[in-house]
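The values are calculated or read from the model by the stated rules, or taken from the named source; none is laboratory data. Small disclaimer: the values here were computed from a predicted structure and weren't measured. Here Cβ is always computed from backbone atoms with ideal geometry, including for glycine, and neighbour counts include all displayed protein chains. For the accessible areas, the whole protein counts, side chains as well, though only heavy atoms, and no ligand, DNA or RNA atoms are used. Shrake-Rupley method; radii C 1.70, N 1.55, O 1.52, S 1.80 Å.
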Amino acid sequence: MFTLGASLGRIGRTAGEKLGHCGQLLQTVRMSSARARNSLGTNVHFTEKLDDGSIFVSRVPKELPTITEADLPPPIRKYKSVDIKELPAELRRAVQDLRTDDPQHWTVSRLAKKFDVPPRAVLKLAQCPEWRRQEIQLQADK
């Protein structure tokens, strides 16, 4: 069974009909699965008859297809995977000092370009100071 909406200008109801919200008349209609596929006008992957006699119609497959890396488009950016522990101590200290001293000027992207490391490494090495986070939040709230 399917519930079809119809805007009818009458108040009375007959058997199998009920009013939905906004006064729209909803009518329960029995139809075959083949007729359901045709009436929906969409890609129906499967239909299944339920215990109460109604027909369940799915527009998505029961099982999702498996996707391999070969099926995906090429990545937009290629990030180097860097273990922070492998970076020299001087570089780690320099990133942390610059980011702490002037986070407005030394943003994550600037530090990443300056030291030729991925932005993720900069984020792990030197988080934004709390006062700068609050400042950014105030600007975003305006």
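Data for the structure
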quantity: Extension gain from residue 54 to residue 91, taking 0.36 nm per residue of separation minus the Cα-Cα distance; calculated: 6.6 nm
quantity: Per residue solvent-accessible surface (Å²) - the stretch 90-142, probe of 1.4 Å; calculated: 71
quantity: Inter-site label distance for residue 62 and residue 43 at 7 Å from Cα along Cβ, in nm; calculated: 1.9
